[in-house]
Structure formats: structure tokens, C-alpha cells
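Novice: Sharing a structure below in C-alpha cells format, with a few things to ask.
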Amino acid sequence: RDQLSITMVCLGNICRSPLAEGIFNAKIKGLGLEKKIKSDSAGTSDFHIGELPDERTIRCATKNKITIHHRGRQVHRTDFREFNYILAMDEQNLKNLIQLKEKTPYQNTNVHLMRNFAAGGTGLPVPDPYYGGEKEFEEVYQILDEALDGFLSHLKGEHPHLFE
Ligand code: 4NP
């Protein structure tokens, strides 16, 4: 395989997961791997389909020199065919994803909790910042930045040829 695709999943697809998508795409671009590794995001809910990310997400991203090109979408069973990895922000998202995956013939997708890739973060959620403010969004940014570095190392271990 010479291409990998990853989608990040939260509840609304306007706060955590589009930020994760933006951060990860910036890291991939920094490594010159944007032709080989693609990232996207989705929500388990249908609350914000078609919407731009929350303005607090955009503000937090901009402050950290991240641009996000995304419209809200709901996770779909075909995502288990389209994506090699699906990263869930918390246990509820993970549970919903595993339930959905079981109803599909696409059993090869790797579904993981985002923070399992961060040192010391195993089992922890990326906290929902929806009812928070700038401080909570910045906290989410730092958590995602670290977890996504860990995830990149994981990918490098699993798919070394992509990084050569
Ligand atoms: P997200 O945050 O799951 O990180 O996008 C939320 C966005 C919207 C809602 C909840 C969480 N909501 O209830 O509409």
C-alpha cells in the first residue's frame, strides 16, 4: 500500500476532530508526506452536518498556525472501507464506532482511542471543549498535538516505507 488515510472522530465534528485533522495535516505536510497520508474528520452525531468548524476551533487553530478546510459530516459505514485508521476522541465515540463497524463487512480498519498514542494518556479522553472557552480549546490543542506526534511514530513503525 502506498497511501494511508485516517479519519478523526468526535461527537459534533466542529471542535475536537476538525482541530485534530488540521494539526495532523500540518505535521504531514511538514514531512512532505501529503501525497501519501491523508486525514479527514467526522462526527458520530448529525448535529452539525455541513457546518464550518466552531469559531473557537478556528481561532485556536489560527493562533497555532493551523488551517482547517472542513465541513461537518457524520461518520458513515463506508468510512470503514475508506479509512485505514479511525481515531476516536473519547470512549463514547469509540463505542459508537465499534458498534457501527460490526455492522459492516469492513473489518480491517484500525479503530483506536486518540490518546492511546500519547505517553501516559492511555484510556484518557480528549475532553469535550464545547461548553468551555479559549483555555479549554488550547488544552485540547496541546493534547492533540502530543497524541498525534505519538500516532505519527506509530505509523512510522507500522509503515516504514511511507517515510523513506
Ligand atoms: P466536538 O464538540 O464533539 O468536539 O465537535 C461538540 C460539538 C457540538 C456538540 C457537542 C460537542 N453539541 O452538542 O452540539
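Novice: Please compute the Kirkwood hydrodynamic radius of the range 42-105 from all pairs of different C-alpha atoms, in Å with one decimal.
Specialist: When all Cα pairs of the range 42-105 are included, the Kirkwood radius is 13.2 Å.
Novice: When we measure straight from the Cα of Lys36, which lysines land under 26 angstrom away, once same-chain ones fewer than 8 places off are left out?
Specialist: Output for Lys36: Lys27, Lys65, Lys101, Lys156.
Novice: Here is a follow-up. Starting from the residue with the highest accessible area, list Arg59, Arg115, Arg16 in decreasing order, probe 1.4 Å.
Specialist: Per-residue accessible area, sorted high to low, gives Arg59, Arg115, Arg16.
Novice: Carbon and sulfur atoms: what percent of the 1.4 Å accessible area of the chain do they account for?
Specialist: 50
Novice: Give me the percent of Cα-Cα pairs in the range 47-164 that sit more than 26 Å apart, rounded to a whole number.
Specialist: 25
Novice: Considering all alpha-carbon pairs of the range 88-140, what whole percent are spaced by more than 19 angstrom?
Specialist: 40
Novice: Can you compute the helix-only [θ] at 222 nm over the chain? Use -39500 (n - 2.57) per DSSP H run of at least 4 residues, normalise by all residues, nearest 500 deg cm²/dmol.
Specialist: For the chain, the value works out to -12500 deg cm²/dmol.
Novice: Would you tally the net charge around Ser41, using a Cβ to Cβ cut-off of less than 9 Å, leaving Ser41 out, and scoring K and R as +1, D and E as -1?
Specialist: On the way: positive: Arg16, Arg73; negative: Glu21, Asp40.
For residues surrounding Ser41, the net value is 0.
Novice: Turning to a different aspect of this structure: Of the peptides 63-71, 20-28, 125-133, how do they stack up when ordered by the mean number of other Cβ atoms within 10 Å, highest first?
Specialist: 20-28, 125-133, 63-71
Novice: What whole-number value in Å² describes the accessible area per residue of the range 60-164 for a 1.4 Å probe?
Specialist: Per residue, the range 60-164 has an accessible area of 56 Å².
Novice: Obtain the nm distance between the two label points defined at Asn96 and Lys65 by a simple spin-label model: each point lies 7 Å from its Cα along the Cα-to-C-beta direction.
Specialist: According to this spin-label approximation, the distance is 3.4 nm.
Novice: On a straight-distance basis, which aspartates and glutamates could pair with Lys103 in a cross-link, Cα separation under 16 angstrom, same-chain partners fewer than 8 positions away excluded?
Specialist: Asp79, Glu82
Novice: Could you sort Ile58, Ile37, Ile143, Ile49 by accessible area so the largest value comes first, with the probe set to 1.4 Å?
Specialist: Numbers: Ile58 65, Ile37 5, Ile143 30, Ile49 95 Å².
Of Ile58, Ile37, Ile143, Ile49, the descending order of accessible area is Ile49, Ile58, Ile143, Ile37.
Novice: Right, here's the next one. Per the Kirkwood formula on distinct C-alpha pairs, the Rh of the range 1-99 is how many angstrom?
Specialist: Computed over the range 1-99, the radius equals 13.5 Å.
Novice: Right, here's the next one. Taking the Cα centroid of the range 59-116 and of the range 150-164, what is the distance between the two, rounded to the nearest whole Å?
Specialist: Distance between centres, Cα-based: 19 Å.
The values are calculated or read from the model by the stated rules, or taken from the named source; none is laboratory data. Bear in mind that the values here come from a model prediction, so they are computed numbers and not experimental data. FYI the Cβ positions are ideal-geometry reconstructions off the backbone, even for glycines, and counts take in every protein chain you see. When the accessible area is computed, the model is the full protein with side chains, heavy atoms only, and any ligands, DNA or RNA have been set aside. Shrake-Rupley method; radii C 1.70, N 1.55, O 1.52, S 1.80 Å.
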